[in-house]
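I have a structure I would like to understand better, so I am pasting it below and will then ask my questions one at a time.
The values are calculated or read from the model by the stated rules, or taken from the named source; none is laboratory data. The shown structure was predicted, so the numbers you read here are calculated from the model rather than taken from an experiment. Ideal geometry is used to build each Cβ from the backbone, glycine not excepted, and the neighbour counts take in all protein chains shown. Accessible surface is based on the protein model in full, side chains and every heavy atom, while ligands, DNA and RNA are left aside. Shrake-Rupley method; radii C 1.70, N 1.55, O 1.52, S 1.80 Å.
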Amino acid sequence: MSIQHEIPSYLTPHEIGPWGDYLEQIDRVTPHLGSLARWVETLKRPKRILVVDVPIERDNGAIAHFEGYRVQHNTSRGPGKGGVRFHQDVTLSEVMALSAWMTVKNAAVNVPYGGAKGGIRVDPKTLSQGELQRMTRRYTSEINIIIGPNKDIPAPDVNTNEQIMAWMMDTYSMNQGSTASGVVTGKPISLGGSLGRHEATGRGVFVVGCEAASRLGMDISDARIAVQGFGNVGGIAARLFSEAGAKVIAVQDHQATVVREAGLDIAALQAHVAAHGSVAGFRNAEELKDRSQFWGLDCDILVPAALEQQITEVNAHQIRARIILEGANGPTTPAADDILHDKGVLVVPDVIANAGGVTVSYFEWVQDFSSFFWTEDEINLRLTRIMREAFTAVWQLASEKKVSLRTAAFIVGCTRVLQAREMRGLYP
Ligand code: NAD
């Protein structure tokens, strides 16, 4: 049964969106928080929201304005940390939810950060490189007052990458008067980025997917995988699964769904996307005409790695996979969670499954502070160990308490955040 939530005055009821899903997840974990539950309201209110106007001069001389956001959900355990998204559908509700999931995730894998997220409501595909750079730099200047290596550290998310991070780092540094490489993570290696960061989220998804599969007695080298989203997260996870011998039988992106029973050639598909911007038109695969059929494909592991609210009460019934491995943030709504639970589908939640990215972001930040850089082997070993330990702890807690992996991950994360909150006490 869904509970009526108090909607902040800055969101209208129809805008509650993913923030509503997050609030429901918090309601589900609250009975498991013991005496810390008295602090739970903290988790239902972002600490700080900054909405900024981002004006730029277009190449043709026209002036365009974009809406930008940076939300710091919670900083009880350390500075804010979370990506920046450039997408035409970005909303405040979405950025609030994404920032809150960062709070829970960072605590669940025990990296010393709070949660934050940012975004600009723009389709970056409609901008030239020059316009993209001007927009990124103006946005960074506008949020400059609340970010910083010890305050809040942005990183890449949907439609942002190493180049955007380089511009953000440079803009912040110019405003400060000195180079501050620790202000963002996911930078190019030549600017203080970390080896392994580009692949870290997909690698973490793969590591956790293997752990989950082994718990169900599933052999990865026999597994059939379907992936939604073929960008940084989905593309790399697909490649690692296929290198481990699994068959990636379907990939869906924003334009098309390609299917091949014998398994797609992932390296060739990545080359096709690099050249054409989408999986559409990939030879050596069939294209599904009806996108919604993707959810009912016969597979063992389904990896949503695109956007939130993709698996809902509308399509959850169709799902035939045994494992949902959440590469994306918030891809499964609470109503869909219930349906999947009843069907016996194991949902490995975002706050564990995709935590590899922020884990290596943490390594990058530590390396920048010490100006001492680690080898890729060291990074991948430490990443793999953290991901396995986090998954094992959540798996054990879920079995002890007879709750879903999501609720168990939220128990671990929220307990750490609220313990910190309680020990710090309320100021003044
Ligand atoms: P990306 O921009 O690299 O790729 C996004 C992919 O999703 C693209 O292939 C795009 O075509 C596809 N897509 C977009 N809209 C779609 C739609 N409606 N249907 C199907 N596919 C669609 O982004 P990314 O960095 O891979 O992020 C994907 C997800 O992973 C997001 O939820 C993000 O928050 C999450 N995530 C990313 C990171 C990271 O390090 N990049 C870390 C943790 C979580």
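Can you compute the modelled spin-label distance between Asn161 and Thr126, with each label point 7 Å from Cα toward Cβ, in nm?
Going by the 7 Å Cα→Cβ label model, 2.1 nm.
Another question about this same structure. Given R₀ = 51 Å, what would the calculated FRET efficiency be for Gln396 paired with Thr179, taking r from the Cβ atoms and rounding to 0.05?
0.70
Applying 1/(1 + (r/R0)^6) with R0 = 56 Å to the Cβ-Cβ distance of Leu216 and Ile63, what FRET efficiency is obtained, to the nearest 0.05?
0.50
For His276 and Ser190 in the same chain, what is the full-extension length gain: residue separation times 0.36 nm, less their Cα-Cα distance, in nm?
Residue separation times 0.36 nm, minus the Cα-Cα distance, leaves 28.2 nm.
If you don't mind, another one. How much length is gained if the chain between Glu313 and Asp377 is pulled fully straight, taking 0.36 nm per residue apart and subtracting their Cα-Cα distance, in nm to one decimal?
Net length gain for the segment: 18.9 nm.
Tabulate in residue order the Karplus-calculated ³J(HN,Hα) for the range 186-197, using 6.51 cos²θ - 1.76 cosθ + 1.60 with θ = phi - 60°, rounded to whole Hz; enter x for Gly and Pro.
Running phi through 6.51 cos²θ - 1.76 cosθ + 1.60 with θ = phi - 60° gives x, 7, x, 4, 5, 10, x, x, 9, 4, x, 5 Hz.
Another question, then. Along the principal axes of its C-alpha atoms, what lengths does the range 200-353 span, in descending order and rounded to whole Å?
40, 30, 26
Give me, ordered by chain and number, the residues 5 or more places off Val227 or on other chains with an amide H under 5 Å from its own placed amide H.
For Val227, whose amide H was placed from the backbone, the distant partners under 5 Å are Ala250, Val251, Gln252, Val303.
Now a separate question. Using a 1.4 Å probe, what is the accessible area per residue for the chain, in Å²?
With all protein chains present, the chain gives 41 Å² per residue.
Here's a follow-up. Can you compute 3J(HN,Hα) from phi for each residue in the range 210-215, using the Karplus curve 6.51 cos²θ - 1.76 cosθ + 1.60 with θ = phi - 60°, rounded to whole Hz and x for Gly and Pro?
5, 4, 4, 4, 5, 5
List the aspartates and glutamates whose Cα sits under 18 Å from the Cα of Lys81, skipping any in the same chain fewer than 8 residues away.
Glu94, Glu142, Asp152, Asp157, Glu162, Asp350, Glu364, Asp368
Next up: What share of the DSSP beta bridges in the range 46-180 is antiparallel, in percent to the nearest 5?
Percent antiparallel among DSSP bridges in the range 46-180 is about 65.
What ³J(HN,Hα) values, in whole Hz, does the Karplus curve 6.51 cos²θ - 1.76 cosθ + 1.60 give for the range 351-358 when θ = phi - 60°, with x put for Gly and Pro?
Result, ordered by residue: 5, 10, 4, 9, 6, x, x, 6 Hz.
Take the chain, connect every pair of alpha-carbon atoms lying under 10 Å apart with a spring to form a Gaussian network, then pick out the residue of Gly235, Gly296, Gly177 with the largest mean-square fluctuation.
Maximum fluctuation in the GNM of the chain, among the listed residues, is at Gly177.
So for the chain: antiparallel DSSP bridges make up what percent, rounded to the nearest 5?
About 50 percent, rounded to the nearest 5.
Given the range 200-353, what percent of its DSSP beta bridges are antiparallel, to the nearest 5?
25
If you don't mind, there's one more thing I want to ask. Say we join alpha carbon atoms closer than 10 Å with springs in a Gaussian network model of the chain; which of Ser99, Ser181, Ser173 then has the biggest fluctuation?
The residue with the greatest mean-square fluctuation here is Ser173.
List the lysines whose Cα sits under 27 Å from the Cα of Lys402, skipping any in the same chain fewer than 8 residues away.
Partners found: Lys44, Lys105, Lys343.
Still on this structure, please answer the following. Tell me the Kirkwood radius of the chain: reciprocal of the mean inverse pair distance over distinct alpha-carbon atoms, in Å.
21.7
Something else now. Once amide H atoms are built 1.01 Å from N in the peptide plane, which residues 5 or more positions from Val84, or in another chain, come under 5 Å H to H?
Answer set, sorted by chain and number: Gly118, Ala155, Asp157.
If I compute solvent accessible area with a 1.4 Å probe over the protein chains, what percent of it on the chain is carbon and sulfur?
Answer for the chain: carbon and sulfur cover 50 percent of the accessible area.
Once you keep just the Cα pairs under 8 angstrom separated by 6 or more residues, what percentage relative contact order results for the chain?
Computed value for the chain: 16 percent relative contact order.
Something else: For Asp123, Asp21, give me the order by solvent-accessible area with a 1.4 Å probe, most accessible first, ignoring ligands, DNA and RNA.
Asp123, Asp21
Report, by chain and number, residues whose modeled amide H sits under 5 Å from the one on Gly330, excluding near sequence neighbours (fewer than 5 apart, same chain).
Counting only residues 5 or more places away or on other chains, the set is Asp350.
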